[in-house]
Structure formats: C-alpha cells, structure tokens
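This report refers to the structure that appears directly beneath it.
The values are calculated or read from the model by the stated rules, or taken from the named source; none is laboratory data. Predicted model only: the values in this text are computed from it and were never measured. Backbone-built Cβ (ideal geometry, glycine too); neighbour counts: all protein chains shown.
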Amino acid sequence: MTFSSTFYAFLKGEKSQSELDAYRQAMKHINDLEAALQAQVINRPLDPGTGPWSRPKHQQLAMAYTWVARALATIATTLLDSDAKEDPDTVGYLPLVTFGQVKELYAQVPQFVHMAWEALANPRFQPQRALPLPLGPRIEAHGKCPLVHLKGIHAAAVALDQVGQARLGMYLQSVQASGVTPPDDVKGYLSDLAQMWARAQSKVAFSTQQLMAVTMGGNVTLETHEEAENRLWDALADHFLVGQFIAMPELLSSATMAGANATGRLIPQEERWFMSDPDAVRDLRTTQFGEQEIREFWVRKAWRTTPTEERYLAQTNALKKEGHISVVSRWSTTPFDAVYQTLQPVVILDVPMGRGTEFHLNMDENHDELDVGTPRFRRTSGYQEDHEEGHVGDPSGHH
C-alpha cells in the first residue's frame with residue numbers, strides 16, 4: 001500500500017481492505033475440506049451396480065455445503081482480485097459496495113465449512129440449513145454502481161462458471177466410470193442440470209455484451225447501470241445454485257421442487273406486486289407507503305425469488321386449487337402476501353400441518369422461514385413498515 005494509492009482512495013471515498021485479509025487467509029480451510037472429501041468420498045470405489053447418485057445422503061450434503069463455501073469464497077476473492085487489476089491506483093482499497101459485498105460473503109464461509117465437516121462425519125446428520133440455498137445477501141451501491149464493481153461481479157461469474165465446470169466434469173466422469181446406466185429419474189436430473197447450466201452460461205455471455213456496452217457508453221444512465229448489475233448478479237446466482245444441484249442431484253426431484261422453478265427467477269419491476277394478496281394490492285398499489293415498501297423488499301432480494309419461495313408458491317397454488325387450503329387474511333408487512341388456513345391435513349415445505357392451522361412464509365431478505373400459527377395468528381390493524389431485522393407483522397384484517 002503506497003501513499004499514492006491511499007491518496008487516490010481517499011479522493012474516491014474507498015475503504016481499506018485490510019479487515020478482509022484475515023478472511024482470505026482462512027480460505028485454506030476449504031482446501032483441507034475438499035481434500036478430505038476427495039479421499040473419503042470421491043476416490044472411494046462405489047458399491048457394485050451403483051452410481052454416484054447412490055452415495056449416502058450425508059456425503060452428498062457434505063459436498064453441497066462444501067460447494068457453497070467454495071462458491072462464496074470464489075466470488076469474494078475474485079471481487080478483490082478484479083478490483084486490484086481494474087483500479088491499480090487504489091490497490092488495497094475498495095469501493096464501499098465491493099467492501100460490503102466481500103465481507104458479507106466471506107463471513108458466511110466458516111459456518112458452511114463446519115456443516116460440511118459435520119455432515120461428512122455423521123451418517124445421521126440433519127441439515128441445519130435447507131438446500132438449495134440462494135446467493136446473498138446482495139449489497140447495493142448508493143447511487144450509480146461503480147464500474148469497477150460491475151467488472152468484479154462479471155469476473156466472479158466467469159470464475160464460478162469455471163469452478164462449476166470442473167465439478168460437473170468430475171461428476172459425469174464418475175457416472176461413466178461406474179458402468180451403470182442411470183435410472184430414469186437420474187437421467188432426468190442430468191438433463192435438468194444441463195439445461196440450467198446452459199441457461200447460466202448464456203446469462204454470463206449476455207452480461208459480457210451488456211458490460212461492454214456500459215464500459216464504452218460514456219455517461220450512461222443510472223437505470224442502465226442497475227440493469228447491468230441485476231443481470232450480472234442473476235448470472236452469479238444461477239451458477240451458485242447449479243453447483244449445489246451438481247453436488248446433490250436429488251434436490252431436483254419432483255417431490256422436492258413440486259414443479260417449481262429450481263433456481264428462482266428474476267422479477268421485472270412491473271411484476272413487483274405478484275406475490276401480494278389482491279386486497280393488499282388494491283389498498284397499497286400507487287400509494288407512497290406501499291410503493292416504497294414493496295420496492296425496498298425486492299431491492300433487498302436483488303429482485304429475485306428463491307427456490308424455497310418458488311416451491312411455496314407452487315405448493316400453495318396447487319393445494320388452493322384442490323380445496324385443501326384457503327386464504328384467510330393478508331400479512332401486514334412486505335410482500336403483503338396471503339395468509340392461509342388448512343382445510344385438511346397438508347404438508348407445506350416438508351412441514352406437516354393439521355386441519356385448521358394458519359401459515360405464512362416469511363420471505364425477508366431471502367431468509368425463508370415458514371411461520372405456523374398455534375393454530376391461528378393474532379391479528380393487527382392496517383399495514384406496517386418492514387424492518388431489516390425481520391418481519392414484525394401479523395395478519396392484517398380478514399377476507
């Protein structure tokens with residue numbers, strides 16, 4: 001770090017990355033974990049007549065959590081390396097949005113390394129975090145996103161694609177080496193994987209062209225920067241999820257996804273109210289309070305649904321059509337969605353519920369959690385402001 005880099009960083013309002021160096025040094029623990037997986041799982045012969053899809057569930061969970069740790073570290077480290085390459089005058093310093101994003105991603109790595117070790121060691125391991133996990137949280141720039149940050153996200157998407165290709169190639173080699181013809185459901189998983197991988201790669205390719213346009217476009221608008229940033233992050237998010245499916249293909253089973261979008265999806269701004277209860281839309285759409293709250297909700301989620309949310313939407317829509325659940329109210333905080341009651345025993349997101357139980361999915365900042373009444377929720381009047389620490393609302397009113 002030189003005086004000139006410190007001076008230029010001060011002029012740009014950038015922050016020293018020294019706090020992040022300890023996180024980066026700790027990444028060697030992922031290498032130790034991957035070496036153990038290679039020795040204890042990947043290099044061990046499969047039982048005769050079986051393929052890699054038959055590995056014990058705890059081993060597949062260990063590989064999936066390892067992928068999550070590696071992917072988070074790859075994105076964070078690539079953001080650091082890209083910034084140093086693209087802005088050599090401020091080496092050792094980062095735009096605030098890059099600093100915040102790297103710290104958020106690095107900080108999550110230890111918990112997934114620990115869970116991977118636990119899963120590898122215990123055949124009875126019960127996952128603490130349901131898979132698949134969405135990428136996040138996403139840190140937003142205040143105002144126009146720095147071009148160096150956009151380039152970093154693009155570089156991270158390319159790097160994650162390369163790591164994922166190696167993982168996919170290794171899995172396909174083990175399928176071929178087993179000499180066993182995969183059953184139809186596994187063939188289906190592999191076809192779905194190929195489709196999702198192609199989609200993720202096409203997003204990276206498209207974002208490359210979009211980034212080039214932003215780079216050469218001179219004084220482009222804030223909206224153009226935001227569009228480029230959203231598409232680049234979306235490409236990253238797809239690769240992050242696909243890597244988990246490679247590690248544990250059974251996550252793609254129809255029973256798990258219930259016909260839902262397996263990777264989540266990007267939501268256009270004009271569809272920002274699509275998860276909201278119709279009564280709430282009627283009350284809040286075009287009002288200052290409603291529009292501010294729903295936009296903040298989607299910004300925190302990077303305008304993207306999670307796989308869990310897609311499962312929940314698919315399951316509740318199907319059960320509503322079958323007459324097994326009905327809407328009884330709407331939640332008082334974003335996204336002002338429906339509160340359901342069960343009309344007979346059902347299972348939602350693998351949670352069994354008896355007849356007469358109310359439930360709702362807390363979707364705050366992608367930390368999806370099913371809220372279940374006892375058997376009903378208490379009621380509140382009107383609508384409430386949401387807060388970053390989580391939902392504080394209850395059902396608002398009755399239908």
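Some points to look at:
- Residue in the range 114-140 that is farthest from the chain's Cα centre (by Cα), counting only those that are buried (at least 22 other Cβ atoms within 10 Å of the Cβ) and assigned to a helix (DSSP H, G or I): ALA119
- Qualifying residue in the range 134-150 (condition: farther than 29 Å from ASP234 by Cβ and charged (D, E, K, R)): no
- Taking the range 131-142 as the range and being under 29 Å from ILE246 (Cβ atoms) and without any contact (Cβ under 8 Å) to a residue 60 or more places away in the chain as the test, only ILE139 passes.
- One residue from THR374, THR342 being over 24 Å from ARG231 (Cβ atoms) and either in contact with a helix residue (DSSP H, G or I) (Cβ under 9 Å, 6 or more places away or on another chain) or crowded, with 21+ Cβ neighbours inside 10 Å (or both): THR342
- Subset of the range 317-328 [surrounded by fewer than 23 Cβ atoms within 10 Å (Cβ to Cβ) and either outside any loop (DSSP other than H, G, I, E, B) or touching a residue at least 12 places away in the same chain (Cβ under 8 Å) (or both)]: ASN317, ALA318, LEU319, LYS320, LYS321, GLY323, HIS324, SER326, VAL327, VAL328
- Checked against the criterion of being farther than 30 Å from GLN165 by Cβ, at pLDDT below 90 and of a type outside the set (A, V, I, L, M), the candidates ARG295, ARG300 yield just one match: ARG300.
- Matching entry among LEU241, LEU232 (being buried (at least 21 other Cβ atoms within 10 Å of the Cβ), under 18 Å from LEU72 (Cα atoms) and at pLDDT 85 or above): LEU241
- Among (1) at pLDDT 85 or above; (2) surrounded by fewer than 21 Cβ atoms within 10 Å (Cβ to Cβ); (3) over 30 Å from VAL175 (Cβ atoms), the one test that ALA76 misses: (2)
- Near pairs, Cβ below 7 angstrom, 6+ apart or cross-chain, from the range 107-130 (in the same structural domain as THR77 (by TED's automatic domain parsing)) to any residue that is exposed (fewer than 14 other Cβ atoms within 10 Å of the Cβ) and assigned to a helix (DSSP H, G or I): LEU120/GLN40
- Residues that are among the hydrophobic types (A, V, I, L, M, F, W, C) and surrounded by 14 or more Cβ atoms within 10 Å (Cβ to Cβ) within the range 171-196 comprise LEU172, VAL175, VAL180, VAL186, LEU190, LEU193, MET196, listed in sequence order.
- Selection status of GLY179, on the phi > 0 side of the Ramachandran plot, over 17 Å from the mean Cα position of the chain (by Cα) and at pLDDT 80 or above: yes
- The number of residues in the range 81-91 being within 30 Å of GLN244 (Cα to Cα) and surrounded by fewer than 23 Cβ atoms within 10 Å (Cβ to Cβ) comes to 4.
- Test result for LYS151, surrounded by 17 or more Cβ atoms within 10 Å (Cβ to Cβ) and either more than 19 Å from the chain's Cα centre (by Cα) or of a type in the set (S, T, N, Q) (or both): yes
- The listed residue being closer than 30 Å to GLU34 by Cα and assigned to a loop (DSSP other than H, G, I, E, B), out of THR333, THR263, THR308: THR263
- Each residue in the range 66-83 was checked for being aliphatic (A, V, I, L, M) and either in contact with a strand residue (DSSP E or B) (Cβ under 9 Å, 6 or more places away or on another chain) or not assigned by TED's automatic domain parsing to the domain that holds ALA121 (or both), and 2 pass.
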